[in-house]
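To start, the structure itself, in C-alpha cells.
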Amino acid sequence: MAHLLITGGAGFIGSHTCLVLLQGGHSLVVLDNFANSSPESLRRVGELANLPTAGRIGVIEGDIRNPADLDRAFTATGHVDGVIHFAGLKAVGESVQQPLRYWDVNVNGSRLLIEAMQRHDCRTLVFSSTSTVYGEPQTFPISEAFTTNPLHPYAQTKLAVEWMLQALEASEPGWCISRLRYFNPVGAHPSGRIGEDPLGIPNNLFPFITQVASRQRPLLRIFGADWPTPDGTGVRDYLHVMDLAEAHALAIAWLLQHQRSLPVLNLGTGRGLSVLEVLQAFEACTGLAIPREFVARRDGDVAKLEGCAERAAEILGWRANRSLEQMCSDGWAWQSANPRGYGC
Ligand code: NAD
Ligand code: UDP
C-alpha cells in the first residue's frame, strides 16, 4: 500500500478518488486551499471509508503555489510515494476573463508542485488534464492521436502542463507520469454523501439539471437547438465520477508497479449523449419534470465531444461501465439529500 499526496483532494473528482484509494488501503495526505470545496467533503470521505479499517487520511489546508505548504504536505506523515494532482481552476468562461489567474494556478502551481516533488525525491505523478485540449475535432470518436487545438486559456494551461511534464521526463530519468484527459464527469457516490458542490450558479449541465429538479432554479436553458447533431443539441461524453475515480487508482498503481510513464490516456465512455437525451434519462429515472427553454448557443461551445477510451482499456483494463441511469440517480441522491451542497 502506498502513501499518496492528493492535491485538490477535497474537490468533486478528488473526494471520490480519495474514497476509492482509502478503500484500496492506501494512506493519503490531501493538500487543498478549499477555494472551490469544503473540508466537510473529506470528513464524509473518512466516514464512508469506515476508518480505521481502510487507509488513513491527513488534511493540510494550503496552496500548491506556496512551497512551504507543499513541504508541509510532503513531510506531514512520512515519505510520499506518489502524487495525484487535481488542484486547479476549471471554468472555461472564467479562464477567458482571467487568463493570468489560470496560468498562475494551473501552470505555475504545477511547476511548484513538481519542484517540491524533486526536493522530496518523489517522481510518480498522475495529472488531471482535459478533453478540451482537442478543441473542435471534425471526426469521432476522439483518440489520443488526434491533434491538440486548445481554444481557450483553460485548455491551453492544461496542455502547457502536459508539455512541461513531457520535457521533464525527457530531461531527468526516474519520472513516472500519467496524463489523464477526462471527458465529462458527472453523478456522485451512490450513498449521496459526497458529490459535486459548485459555487454559485452551475456552469455545467448536470448540476444545473439537479438544481432545477430541487427547485432551486426555475428552468434549464438549453444552449442551442441548431447544432449539427441528430436532435440539434450539444453532445458530450458523460462518465460517472466513480468510474473516473477508479481510473486514478488504477493509473497510480500502474505507475508504482511498472516504474515508467504511461502514454496520454482519454477517460470517457466512447458514447456521446445530447442534452435532450440526458434530460429524458433524468426525468425517466427520477420521475421529475425539468422545465426548459431553448436559448442561443453559449460562447465557446462545440457541437460534439466523444472520446475513444480504448487505450485506457488496453493498458489499465479500465472501462467506464456505470450507466447514464446511475449517473442520474446517484447525482439526484446527492442533490436531494444536500440541496445546498456541503452547506447541507
Ligand atoms: P474542483 O474545483 O471540484 O476541485 C479542485 C480542487 O482544487 C478544489 O478542492 C479546490 O479547492 C482545489 N484548489 C484550487 N486551487 C488550488 C490551489 N491553488 N491550491 C490548492 N488547492 C487548490 O474540480 P474537479 O471537477 O474535481 O476537477 C479536478 C481536476 O480535474 C481539475 O484540475 C480540473 O481542471 C480537472 N478536470 C475536471 C473536469 C470536470 O468536468 N470536472 C474535466 C476535465 C478535467
Ligand atoms: N448546457 C446547456 N445548458 C446549461 C449547461 C450546459 O444546454 O445550463 C449544454 C452545453 O451547451 C453542452 C452540454 O450541455 O452542449 C454540456 O455542457 P457542460 O458545461 O456540462 O460541459 P462542457 O461544455 O464543458 O463539455
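The values are calculated or read from the model by the stated rules, or taken from the named source; none is laboratory data. Owing to the predicted nature of the structure, the values given are computational and were not obtained by experimental measurement. Positions of Cβ are backbone-derived with ideal geometry, glycine not excepted, and every protein chain shown enters the neighbour counts.
Side notes on the structure shown:
- Only strands (runs of 3 or more DSSP E) whose full extent lies in the range 173-292 are considered here, and none of them has at least 1 residues that are farther than 29 Å from His85 by Cβ, within 19 Å of the chain's Cα centre (by Cα) and modelled with pLDDT of 95 or more.
- Residues in the range 310-342 that are closer than 16 Å to Arg271 by Cβ and of a type in the set (D, E, K, R): 4 in all.
- Within the range 277-309, being surrounded by fewer than 15 Cβ atoms within 10 Å (Cβ to Cβ), acidic (Asp, Glu) and away from ligand 1 (no atom under 16 Å from the Cβ) holds for Glu293, Asp299.
- Subset of the range 46-102 [buried (at least 21 other Cβ atoms within 10 Å of the Cβ) and over 18 Å from Gly14 (Cβ atoms)]: Ser95, Tyr102
- Residue within the range 143-158 that is closer than 18 Å to Pro263 by Cβ, in contact with a Phe, Trp or Tyr (Cβ under 7 Å, 6 or more places away or on another chain) and part of a loop (DSSP other than H, G, I, E, B) present: yes
- Single residue of Glu94, Glu40 found to be more than 23 Å from Arg179 (Cα to Cα), within 16 Å of ligand 2 (Cβ to nearest atom) and either out of contact with any Ser or Thr (no Cβ under 9 Å at 6 or more places or on another chain) or in contact (Cβ under 8 Å) with a residue 12 or more places away in the chain (or both): Glu94
- Count of residues meeting criterion [under 24 Å from Glu136 (Cβ atoms) and among the hydroxyl-bearing types (Ser, Thr, Tyr)] in the range 206-233: 2
- Any hit, the range 3-17, residues being modelled with pLDDT of 95 or more, under 23 Å from Arg111 (Cα atoms) and surrounded by fewer than 20 Cβ atoms within 10 Å (Cβ to Cβ): yes
- Selection within the range 53-109 - over 23 Å from Arg123 (Cα atoms) and among the basic types (Lys, Arg): Lys90, Arg101
- Condition broken by Ala87, with the remaining ones in (1) within 14 Å of ligand 1 (Cβ to nearest atom); (2) farther than 24 Å from Ala251 by Cβ satisfied: (2)
- Residue within the range 188-198 that is more than 16 Å from ligand 2 (Cβ to nearest atom), within 20 Å of Ala245 (Cβ to Cβ) and surrounded by fewer than 16 Cβ atoms within 10 Å (Cβ to Cβ) present: yes
- The range 20-34 - residue that is under 19 Å from the mean Cα position of the chain (by Cα) and in a loop (DSSP other than H, G, I, E, B) and, of those, nearest to Ala68 (Cα to Cα): Asn33
- Looking only at the range 310-344, and only at residues there that are assigned to a loop (DSSP other than H, G, I, E, B), surrounded by fewer than 19 Cβ atoms within 10 Å (Cβ to Cβ) and among the small types (Gly, Ala, Ser), the one that is nearest to ligand 2 (Cβ to nearest atom): Ser323
- Contacts under 7 angstrom Cβ, first residue in the range 186-208 being in contact (Cβ under 8 Å) with a residue 24 or more places away in the chain and within 19 Å of Arg44 (Cβ to Cβ), partner charged (D, E, K, R) and crowded, with 18+ Cβ neighbours inside 10 Å, 6 or more apart: Gly187/Asp330; Ala188/Glu196; Ala188/Asp330; His189/Asp330; Pro190/Asp330; Arg193/Arg44; Ile194/Arg44; Pro207/Glu196
- Filter result for Gly78 (under 28 Å from Tyr238 (Cα atoms), modelled with pLDDT under 95 and more than 16 Å from the chain's Cα centre (by Cα)): no
- Qualifying residue in the range 60-78 (condition: among the small types (Gly, Ala, Ser), closer than 20 Å to Leu244 by Cα and not in a helix (DSSP H, G or I)): no
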